[in-house]
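Written out below as structure tokens is the structure these notes cover.
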Amino acid sequence: MSTPSNVPLDSPPPFVAPPTTAATRPMYWSIRRELWENRSITIAPLAVAALVLFGVLISTIGLPRKMRTLPTLDPAKQHAVVVMPFSMAPAPIMLATFLVGMFYSLDALYGERRDRSILFWKALPVSDRTTVLSKAAIPLVVLPLIAFVLGVATQAVILLWSTAVLLGNGLSPATLWAEVRFIQDPLITLYGLTVHVLWFAPIYGWLLLVSVWARRTPVLWAALPLLGVGILERMALNTSHFASLLRYRVTGAIEEAFAVNPQHGAVGIVDQISQLDPARFLSTPDLWIGLILTAAFLAAAVRLRRTREPI
């Protein structure tokens with residue numbers, strides 16, 4: 001027999017608090033959404049890694065001949081001949097991810113206005129700040145992680161294939177394994193990716209700001225103001241300080257973050273922990289100025305997205 005209820009029939013239903021979600025869930029799913037909608041984020045680095053791997057594996061045809069000539073070289077050149085493919089393999093993959101990050105940033109906020117999907121995404125309980133930061137996380141976090149994994153995997157495949165080639169030609173791979181630095185190489189790759197991401201952060205921030213502001217051809221709006229300032233300075237003052245500043249922003253990370261050993265400088269190999277100079281890099285004023293500009297660009301992008309409508 002049921003107990004009679006004392007609640008009137010016409011009373012409103014009791015209030016039930018909506019389930020709370022973790023603060024990180026909207027950010028997580030926003031990043032997942034970017035990966036779903038932009039397949040090139042992963043396809044392009046994979047394609048470059050495959051191309052690099054194919055080229056290096058083809059070049060190992062001449063590896064037995066190089067190994068036979070090693071005793072005629074001085075120790076520094078012997079090391080360079082052996083480790084050059086391993087040290088240089090991640091570089092094209094890193095470059096590809098940086099380029100993908102720039103093109104992605106330029107279209108990230110412009111594309112959702114162009115295809116009018118911004119109306120749908122704004123209807124969801126995801127803030128403009130979360131949306132902008134999730135898009136910034138692609139070039140600043142996701143793509144570097146992809147480059148790191150692909151770079152290390154490529155080096156491992158090259159090492160195993162080179163070992164098989166030497167064994168197949170009756171040569172010992174002991175010298176090869178002795179010269180390759182298994183612990184140092186991944187650390188150097190991770191360090192190089194980190195310093196370049198921090199150094200390029202204002203570039204990504206600027207491109208995201210232009211992406212949310214421009215109504216047409218964001219690539220022109222991203223480049224023309226910079227070109228205009230450089231041309232105006234050249235015409236008015238006959239100097240090129242602004243152009244030098246832009247060039248330094250693109251290439252200065254290597255200069256500030258690495259202390260290249262002179263005996264390795266000729267061949268461009270960075271494969272020793274002693275060649276890293278994080279103290280100098282972190283004490284560089286241009287790094288912190290760039291990070292402050294990045295924060296300002298992203299904050300401006302968040303504010304602009306609140307009022308942006310489809311194109």
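Within 30 Å of GLU309 (Cβ to Cβ) and part of a loop (DSSP other than H, G, I, E, B) - does that describe any residue in region 217-230?
So the first thing to find is which residues in region 217-230 are within 30 Å of GLU309 (Cβ to Cβ), and the list is 217-229.
Retained after the next criterion (residues that are part of a loop (DSSP other than H, G, I, E, B)): 217.
Among the residues of region 217-230, at least one is within 30 Å of GLU309 (Cβ to Cβ) and part of a loop (DSSP other than H, G, I, E, B), which makes the answer yes.
Do we have LEU73 as at pLDDT 90 or above and within 28 Å of ILE188 (Cα to Cα) here? Break it down stepwise before answering.
Values: at pLDDT 90 or above: no; within 28 Å of ILE188 (Cα to Cα): yes.
Judged against the criteria, LEU73 is not a match.
Restricting to region 108-132, count the residues that are of a type outside the set (Ser, Thr, Tyr), under 30 Å from THR251 (Cα atoms) and surrounded by 18 or more Cβ atoms within 10 Å (Cβ to Cβ).
3
So that you can scan it fast, the table gives a plain yes or no per residue for (1) over 20 Å from LEU99 (Cβ atoms); (2) touching a Gly at 6+ places or on another chain (Cβ under 9 Å):
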site	(1), (2)
ALA178	yes, no
HIS196	no, no
PHE200	no, yes
TYR204	no, yes
ARG216	yes, no
LEU227	no, no
SER240	yes, yes
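Does LEU57 meet the test of being over 18 Å from VAL270 (Cβ atoms) and at pLDDT 80 or above? Give the derivation first.
Numbers: over 18 Å from VAL270 (Cβ atoms): yes; at pLDDT 80 or above: yes.
When the stated conditions are applied, LEU57 passes them.
For every residue, the table says whether it meets (1) surrounded by 13 or more Cβ atoms within 10 Å (Cβ to Cβ); (2) under 23 Å from the mean Cα position of the chain (by Cα).
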{"residue": "LEU207", "(1), (2)": "yes, yes"}
{"residue": "VAL212", "(1), (2)": "yes, yes"}
{"residue": "ARG216", "(1), (2)": "no, no"}
{"residue": "PRO225", "(1), (2)": "no, no"}
{"residue": "GLY228", "(1), (2)": "no, no"}
{"residue": "GLU233", "(1), (2)": "yes, no"}
{"residue": "VAL250", "(1), (2)": "no, yes"}
{"residue": "ILE254", "(1), (2)": "yes, yes"}
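Would you mind stating whether THR175 is within 30 Å of SER87 (Cβ to Cβ), touching a Phe, Trp or Tyr at 6+ places or on another chain (Cβ under 8 Å), modelled with pLDDT under 95 and not in a loop (DSSP other than H, G, I, E, B)?
Numbers: within 30 Å of SER87 (Cβ to Cβ): yes; touching a Phe, Trp or Tyr at 6+ places or on another chain (Cβ under 8 Å): no; modelled with pLDDT under 95: yes; not in a loop (DSSP other than H, G, I, E, B): yes.
Against the criterion (within 30 Å of SER87 (Cβ to Cβ), touching a Phe, Trp or Tyr at 6+ places or on another chain (Cβ under 8 Å), modelled with pLDDT under 95 and not in a loop (DSSP other than H, G, I, E, B)), THR175 does not qualify.
Given the criteria in a helix (DSSP H, G or I), at pLDDT below 85, of a type in the set (Ser, Thr, Tyr) and surrounded by fewer than 21 Cβ atoms within 10 Å (Cβ to Cβ), does THR194 qualify? Give the derivation first.
On the way: in a helix (DSSP H, G or I): yes; at pLDDT below 85: no; of a type in the set (Ser, Thr, Tyr): yes; surrounded by fewer than 21 Cβ atoms within 10 Å (Cβ to Cβ): yes.
The answer is no for THR194.
On the basis of being in contact with a Phe, Trp or Tyr (Cβ under 7 Å, 6 or more places away or on another chain) and modelled with pLDDT of 90 or more, does VAL219 make the cut?
Details: in contact with a Phe, Trp or Tyr (Cβ under 7 Å, 6 or more places away or on another chain): no; modelled with pLDDT of 90 or more: yes.
Answer is no for this residue.
PRO64 - would you say it is surrounded by fewer than 19 Cβ atoms within 10 Å (Cβ to Cβ), outside any helix (DSSP H, G or I) and in contact with a helix residue (DSSP H, G or I) (Cβ under 8 Å, 6 or more places away or on another chain)? Reasoning before the result, please.
Working: surrounded by fewer than 19 Cβ atoms within 10 Å (Cβ to Cβ): yes; outside any helix (DSSP H, G or I): no; in contact with a helix residue (DSSP H, G or I) (Cβ under 8 Å, 6 or more places away or on another chain): yes.
So PRO64 does not fit the description; no.
Could you say which residue among ALA301, ALA243 is buried (at least 18 other Cβ atoms within 10 Å of the Cβ) and in contact with a helix residue (DSSP H, G or I) (Cβ under 7 Å, 6 or more places away or on another chain)?
On the way: ALA243 fails: buried (at least 18 other Cβ atoms within 10 Å of the Cβ).
Result of the check over ALA301, ALA243: ALA301.
Go through (1) more than 20 Å from PRO310 (Cβ to Cβ); (2) touching a Leu at 6+ places or on another chain (Cβ under 7 Å); (3) touching a residue at least 40 places away in the same chain (Cβ under 8 Å); (4) of a type in the set (A, V, I, L, M) and name the single condition VAL81 misses.
(3)
Of the numbered conditions (1) in contact (Cβ under 8 Å) with a residue 40 or more places away in the chain; (2) closer than 21 Å to GLN184 by Cβ, LEU145 satisfies every one except a single condition; which is it?
Status for LEU145: all satisfied but (1).
Determine which member of the set PRO125, PRO92, PRO85, PRO71 is outside any helix (DSSP H, G or I) and either farther than 26 Å from PRO218 by Cβ or of a type in the set (Lys, Arg) (or both).
Values: PRO92 fails: outside any helix (DSSP H, G or I); PRO85 fails: outside any helix (DSSP H, G or I); PRO71 fails: outside any helix (DSSP H, G or I).
Answer to the check: PRO125.
If we keep just the residues of region 34-45 that are surrounded by 15 or more Cβ atoms within 10 Å (Cβ to Cβ) and in a helix (DSSP H, G or I), which is farthest from the chain's Cα centre (by Cα)? Full working, then the answer.
Here is the first cut: in region 34-45, the ones surrounded by 15 or more Cβ atoms within 10 Å (Cβ to Cβ) are 34, 38, 41-42, 44-45.
Adding the requirement that they be in a helix (DSSP H, G or I) leaves 34, 41-42, 44-45.
On the way: GLU34: 15, ILE41: 10, THR42: 12, ALA44: 12, PRO45: 10 Å.
Among them, the one singled out is GLU34.
Please work out which residue is farthest from the chain's Cα centre (by Cα), limiting yourself to region 125-139 and to residues that are of a type in the set (D, E, K, R) and modelled with pLDDT of 90 or more.
Quick first cut of region 125-139, residues of a type in the set (D, E, K, R) only: 128-129, 135.
The next check asks that each one be modelled with pLDDT of 90 or more; those that pass are 129, 135.
Numbers: ARG129: 21, LYS135: 13 Å.
Checking each candidate, the answer is ARG129.
The values are calculated or read from the model by the stated rules, or taken from the named source; none is laboratory data. Since we're looking at a predicted model, the values are computed, not measured. Every residue, glycine among them, receives a Cβ derived from its backbone with ideal geometry; neighbour counts consider all protein chains shown.
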